[in-house]
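What follows is a short report on a single structure.
Bear in mind that the values in this text are calculations on the coordinates, not laboratory data. Note that the structure is predicted; figures quoted are calculated from it, not measured. Glycine gets a Cβ as well: all are built from the backbone with ideal geometry, and neighbour counts include every protein chain shown.
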Amino acid sequence: MSRFMHPQYASLKAYVPGEQPRDRSYIKLNTNESPYPPSPAVLRAINAEEASRLCLYSDPENRGLKEGFEKLYGISSDRVFLSNGSDDILNFAFMAFGADGVVFPAISYGFYKVFAERNGLNYEMIPLCTDFSIDPTAYFNQQKMVVIANPNAPTGIALDLDDVERIVKENPNHVVLIDEAYVDFGAESARCLIDTYDNLLVVGTFSKSRSMAGARLGFAFGNSAIISDLEKLQYSTNPYAINRLTQAAGAAALEEDSYYIENCRRIQDTRALTADGLAALGFEVLPSSANFLFARHPAVDGLTVYQRLRENGILVRHFDAPLIQDFNRITIGSREEMIALLEAMRAIVTKEATV
Ligand SMILES: *Cc1c(COP(=O)(O)O)cnc(C)c1O
C-alpha cells in the first residue's frame with residue numbers, strides 16, 4: 001500500500017478471481033463460464049458498423065436492453081437496472097442498502113464479504129446446515145440486509161421459491177437480495193415476486209447461462225424505488241457503465257432466449273452424466289442446480305485432486321477454507337471435456353487413494 005491510500009482501505013482484502021493462466025492450454029472448469037459461444041444473433045450484432053460507432057458514448061439509459069427484458073419477462077423499464085457485470089450491481093446494492101449491516105451464508109460467494117468490507121458495513125455470516133444447505137428460517141427477522149445466492153455457490157444447492165418468499169416476507173424493513181447468477185440451470189427465479197414485495201432485489205448476469213462472461217453485463221429486477229436508488233449511485237460513479245458493443249450483444253441475446261434455454265438443458269444433461277461418473281468413482285457430490293458440481297472424495301484430499309488435475313491440464317476451483325477444503329468446484333463444460341475430467345479423476349483416485 002502506498003502512503004497515499006485512504007486508511008479506510010488498509011485492511012481490505014480484495015476478491016481473488018479464479019485463475020486465467022496462459023502457460024499452456026487447459027480444459028477450463030474453474031470459473032463457471034459456458035462451454036458454448038454466444039448465439040448467432042449476438043455474433044452478428046457485434047459487427048464493424050457497431051464498432052465504428054464506438055466514437056459515440058453508449059446509451060446511459062440502456063433502452064435497448066430494458067426493452068428486451070420487457071419483451072421477454074414483461075418487466076417494465078423502471079423495474080430493471082443494468083450494469084457492467086453483476087458484481088458491479090452487488091457492490092451498488094451493498095452500498096445502497098447495507099446501512100444496518102448485511103447477513104449472508106458463511107459458505108457462499110466470496111465477494112459478499114469483500115463488498116461489505118469495501119463499503120465499511122457490519123456483516124454477519126450464518127453457517128450452512130450439515131448437509132451444506134441453507135436453513136431459510138435462520139434468515140428471518142434479521143434487521144439488516146439479507147444476501148443469498150440461489151442456487152448457492154459453491155455448493156450448487158438451491159432453495160425453493162416458497163422458502164425465498166418466506167425470507168423476503170420475514171424481513172419487511174430491509175432489502176433481501178437474491179443473487180440468481182445460476183438460476184437458469186435448474187432453480188426458480190424470484191423475479192415474479194418483485195411486484196408483491198418492495199424489499200426484494202433479484203440480481204442476474206449474462207456471464208453464465210448467456211455465454212457472455214467477457215462482455216460484462218449484469219441486471220437486476222426490483223420495484224422502481226429501489227431501482228432508482230441503484231441508478232442514482234451508478235450515475236454518481238459512471239453513467240456509461242455498459243459499453244455499446246455489450247449493449248448490442250445483450251439485446252441480441254434476449255431476442256434469442258430459446259438458444260440459451262437449450263444450452264442450459266444440455267448442461268443439465270452433462271451435469272447428470274458427470275455427477276454419476278464422479279459418484280461411481282466414490283466421490284460425494286452435492287445436489288446441484290447450477291452449472292457446476294461441488295464434490296469431495298473420502299480418500300483423496302481436495303488440494304491433491306486440484307493439483308493432479310492441473311498437472312493433467314484440467315483446471316477446477318479449490319477453496320482453502322474451513323469445512324470445504326476437501327471439495328473442488330467443477331464447472332460443467334462440454335460433454336467431451338467432462339469425459340476427459342472423469343478419465344483424469346479415475347487415474348487420480350486409483351493412484352492417490354489413501355485407504
Ligand atoms: C459469477 C457470479 C457473479 C458475477 O457475475 P458477473 O456478472 O460476471 O460479475 C455473481 N454472483 C455469483 C454467485 C457468481 O457466481
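Along its three principal directions, the equivalent ellipsoid of region 71-180 from the Cα gyration tensor extends over semi-axes of 21, 18, 15 Å, largest first.
Beta bridges assigned by DSSP with both partners in the chain are antiparallel in approximately 50 percent of cases. When only Cα pairs below 8 angstrom with a gap of at least 6 residues are kept, region 234-354 shows a relative contact order of 24 percent. Compute the separation of the alpha-carbon centres of region 171-193 and region 298-337 and state it in Å as a whole number. Each part's Cα centre sits 28 Å from the other's. Compute the whole-percent fraction of alpha carbon pairs in region 161-313 spaced more than 28 Å apart. The answer is 39 percent, as a whole percent.
Relative contact order for region 90-231: 19 percent, from Cα pairs under 8 Å spaced at least 6 residues apart, divided by residue count. Cα centroids of region 1-74 and region 98-147: 26 Å apart. Angle check, please: helix 224-235 long axis (alpha carbons) against the longest principal axis of the chain (alpha carbons), in degrees 0 to 90, nearest 10. For 224-235 against the chain, the angle is about 90 degrees.
Relative to the longest principal axis of the Cα atoms of the chain, helix 335-352 runs at roughly 40 degrees. Can you compute the modelled spin-label distance between D100 and A347, with each label point 7 Å from Cα toward Cβ, in nm? It works out to 5.6 nm between the two label points.
Net charge in the neighbourhood of V285 (other residues with Cβ under 14 Å of its Cβ; Lys, Arg +1, Asp, Glu -1) is -1. Note: region 304-351, Cα convex hull, 71 Å³ per residue.
Report, to the nearest 10°, how far helix 257-280 tilts away from the longest principal axis of the Cα atoms in the chain, using its own Cα long axis and a range of 0 to 90°. The two axes meet at around 30 degrees. Full extension of the chain segment joining E61 with C129 gains 20.3 nm, where the gain is 0.36 nm per residue of separation less the Cα-Cα distance. With neighbour counts taken as other beta-carbon atoms within 10 Å, the residues C192, C264, C129, C55 rank, fewest first, as C55, C129, C192, C264. In region 101-149, one over the average inverse separation of all distinct C-alpha pairs is 11.1 Å, which is the Kirkwood hydrodynamic radius.
Taking the alpha carbon gyration tensor of region 1-147, multiplying each eigenvalue by 5 and rooting it gives semi-axes of 32, 23, 21 Å, largest first.
Relative to the Cα centre, the charge distribution of the chain, modelled as +1 at Lys and Arg Cβ and -1 at Asp and Glu Cβ, gives a dipole magnitude of about 1000 debye. Its Cα centre serving as origin, region 273-353 has a Cβ charge dipole (Lys and Arg +1, Asp and Glu -1) of approximately 60 debye. Compute the signed sum of charges (Lys and Arg +1, Asp and Glu -1) over the other residues within less than 14 Å, Cβ to Cβ, of N223. It works out to a net charge of -3. In region 121-168, Rg over Rh equals 0.93, where Rg is the alpha-carbon radius of gyration and Rh the Kirkwood radius from pairwise Cα distances.
The peptide list 205-211, 288-294, 23-29, 315-321, put in order of mean Cβ contacts within 10 Å with the highest first, becomes 288-294, 205-211, 315-321, 23-29. The residues packed around F111, meaning those with a beta-carbon under 10 Å from its beta-carbon, carry a net charge of 0 if Lys and Arg are +1 and Asp and Glu are -1.
Full extension of the chain segment joining A41 with R53 gains 2.5 nm, where the gain is 0.36 nm per residue of separation less the Cα-Cα distance. Here the contact order of the chain, divided by its residue count and restricted to Cα pairs under 8 Å and six or more residues apart, works out to 23 percent. Answer rounded, prolate or oblate for region 168-257, using the Cα gyration tensor with square roots of eigenvalues a ≥ b ≥ c: rounded when a/c is under 1.5, else prolate when a/b is larger than b/c, else oblate. It is oblate, given that a/c is not under 1.5 and a/b is not larger than b/c. Scaling the Cα radius of gyration of region 145-190 by the globular reference 2.2 N^0.38 Å produces a ratio of 1.09. Taking the number of Cβ atoms within 10 Å of each Cβ as an exposure proxy, the fewest-first ranking of L233, L56 is L56, L233. Computed from the alpha carbon atoms alone, the convex hull of the chain holds 153 Å³ per residue.
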